[in-house]
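Structure, as structure tokens:
The values are calculated or read from the model by the stated rules, or taken from the named source; none is laboratory data. Here the structure is a predicted model, which means the values were calculated and not measured. We place every Cβ from the backbone using ideal geometry, glycine too, and count neighbours over all the protein chains shown.
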Amino acid sequence: MTRASLTLLLIAILCAFVADIEVTTLDPWGELGRMAWGALTPDASVLYTFRNALLNTVTFAFCGISLGIVAGGLLSAGFQLTPVRLFCGFIRAIHEIFWAFLFLPVVGLNPVCGILAIGIPYAGVFAKVYSEIWQEADRRPLRGLPATASGLSRFLYGLLPLTLPALRNYTSYRFECALRSSAVLGFIGLPTLGFHLETAFREGLYSEAAILMYAFYLLIGSLRYWVKPRLIPLYVLLSIGLTSTAIRLSWANLTRFFSYEILPWPIRRQGFVDGSGDLSLPVDQTWTWLVTRFTDQALPGIYDTAILTQIALAATGLLTLLALPSICRHFASPLVSRLSHYVLIVARTTPEYILAYIFVQLWGPSLLPAIAAIALHNGAILAYLSGQHADRIQLRLDAPGRRADRYGFEVLPRIYGQLLAFLFYRWEIMMRESAILGILGITTLGFFIDSAIAEDKMDQFVLLLLVTAFLNMGIDSLSQRLRKGLHISIGSVKTVE
């Protein structure tokens, strides 16, 4: 594990030497001061104006996660099959914003765009996690069922009762993630909280931005009080009713998009020029188009995405190691631990995209804002999980008295394997976030995808989207291999997926 950790750190240091890390804004400290003043003087009077955005954030999340649960539950039944597993890996490898970009030209700024953008990748996630939960379940109760019992009966009476608490806990966690995803979709124009957040930040209305963020934190923090199991069906039905009235879908646009507009330009060129709309297959021109797009856009995007991810991965690990003592009962007082927990809650509740957007306003569109955002968000998650693990440790009678020695020689060695497993588990998620942050002007894959959307080049968009998906799937596969090779396990997937 030490060799793997040092290797990752060395790779990150080498990446830092070639990364575009700089501050390009003229007055970052002045802007930071204005943001801080806005945070201290939130304008609560605008909340009523933005009530529909808050409502849309919740309804999109309920509809999207419902779609994900149903589809993911069905896919989990065949997750052991390689085609199903690869399909689930593919759809969850594409970020929600990229899915929204895919459906935006077809359905427009429509609730169905946001619902599908959340539901499709979440279906892949639910299929994977539900399958893992069922595989790890105790099989002994199945022995009490009749040998002639059907597979459905064995599942309903043997597996489901045992795994229901884990399924419920993970699903409730994913709903919190769905709210974050729903809010972020507003940054591309959908009528959720992110739409007004972007406007407030862009216009320097930091008091409005602050109250919107506080409302979002309150929404997340109050879930346990208003999202009760018996009320969830009612919430889902209300959400479907509220969004269904605004859905407009053209099957002609849908058919044209997936059968014509996403095809490479050389295949469509001749039919476009003569007005016939016919398709052809000029092999040489199509190959040249693919090679040009890959060398001019995909490769530079992959390079910056990989550089950003590796630096953020190491920064996340270091931030976790620094934050861990402040929340662990073996080192921090109850007051310090509680205050640190509040700080970590804010950091992990705020989506990476919103953090990066704020940092871009401060420092400009280099890799620096993205590194800070990804490391801060994921470091807060890993510090929280590692802190929970460390709190369960019982110190030996001969444990060192000095806190630094106790941390370095007693607690950290006993939790480091799981901490490293958590870090590797988040690797693919960091890669996905690194790609999407290109929309903010950072030259990762998302930058070129956003440019293709702006230029209405859907063929380039789909090509780059496929590159992004396969890159993320490759990192996920590498992460699994490393965890197996190092014989480390996260123990539970319910809070790190």
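Some notes on this structure:
- Search result, residues across the range 344-371 that are surrounded by fewer than 18 Cβ atoms within 10 Å (Cβ to Cβ) and over 22 Å from S207 (Cβ atoms): I345, G364
- Considering the range 1-40, the residues that are assigned to a loop (DSSP other than H, G, I, E, B) and in contact with a Gly (Cβ under 8 Å, 6 or more places away or on another chain) include one that is surrounded by the fewest Cβ atoms within 10 Å (Cβ to Cβ), namely E22.
- Matching residues in the range 381-401 - criterion: being of a type outside the set (D, E, K, R), outside any loop (DSSP other than H, G, I, E, B) and in contact (Cβ under 8 Å) with a residue 60 or more places away in the chain: I381, L382, A383, L385, S386, G387, A390
- Matching helices (runs of 4 or more DSSP H) fully within the range 159-232 where at least 3 residues are closer than 26 Å to V112 by Cβ: 160-184, 193-202, 206-221
- Among the residues of the range 49-105, those that are modelled with pLDDT of 90 or more and β-branched (V, I, T) comprise T57, V58, T59, I65, I69, V70, V84, I91, I94, I97.
- Residue check, R92 among the basic types (K, R), surrounded by 15 or more Cβ atoms within 10 Å (Cβ to Cβ) and not assigned by TED's automatic domain parsing to the domain that holds I453: yes
- Summed over the range 313-361, the residues that are over 21 Å from G33 (Cα atoms), aliphatic (A, V, I, L, M) and part of a helix (DSSP H, G or I) give a count of 15.
- Residues satisfying the stated conditions in the range 412-442, i.e. closer than 19 Å to P365 by Cα and buried (at least 20 other Cβ atoms within 10 Å of the Cβ): M430, M431, R432, E433, S434, A435, I436, L437, G438, I439, L440, I442
- Failed condition for V291, given (1) under 27 Å from R432 (Cβ atoms); (2) in contact (Cβ under 8 Å) with a residue 12 or more places away in the chain; (3) of a type in the set (A, V, I, L, M): (2)
- Checking each residue in the range 254-281 for being part of a loop (DSSP other than H, G, I, E, B) and without any contact (Cβ under 8 Å) to a residue 40 or more places away in the chain picks out G275, S276, G277, D278, L279, S280, L281.
- Candidate set: the range 301-346, residues that are modelled with pLDDT under 90 and under 19 Å from the mean Cα position of the chain (by Cα); chosen: the one nearest to I11 (Cα to Cα): L344
Residues are listed down the side, and each one gets a yes or a no for (1) more than 30 Å from S131 (Cβ to Cβ); (2) at pLDDT below 85; (3) surrounded by fewer than 14 Cβ atoms within 10 Å (Cβ to Cβ):
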site: A149; (1), (2), (3): no, yes, no
site: L152; (1), (2), (3): no, yes, yes
site: P161; (1), (2), (3): no, yes, yes
site: A166; (1), (2), (3): no, yes, no
site: V184; (1), (2), (3): no, no, no
site: F187; (1), (2), (3): yes, no, no
site: A215; (1), (2), (3): yes, no, no
site: L219; (1), (2), (3): yes, no, no
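- Among the candidates F461, F422, F409, the residue that is of a type outside the set (A, V, I, L, M), in a helix (DSSP H, G or I) and either under 18 Å from I94 (Cα atoms) or not assigned by TED's automatic domain parsing to the domain that holds M1 (or both) is uniquely F461.
- Filtering F62, F79 for residues that are assigned to a helix (DSSP H, G or I), surrounded by 14 or more Cβ atoms within 10 Å (Cβ to Cβ) and aromatic (F, W, Y) leaves a single hit, F62.
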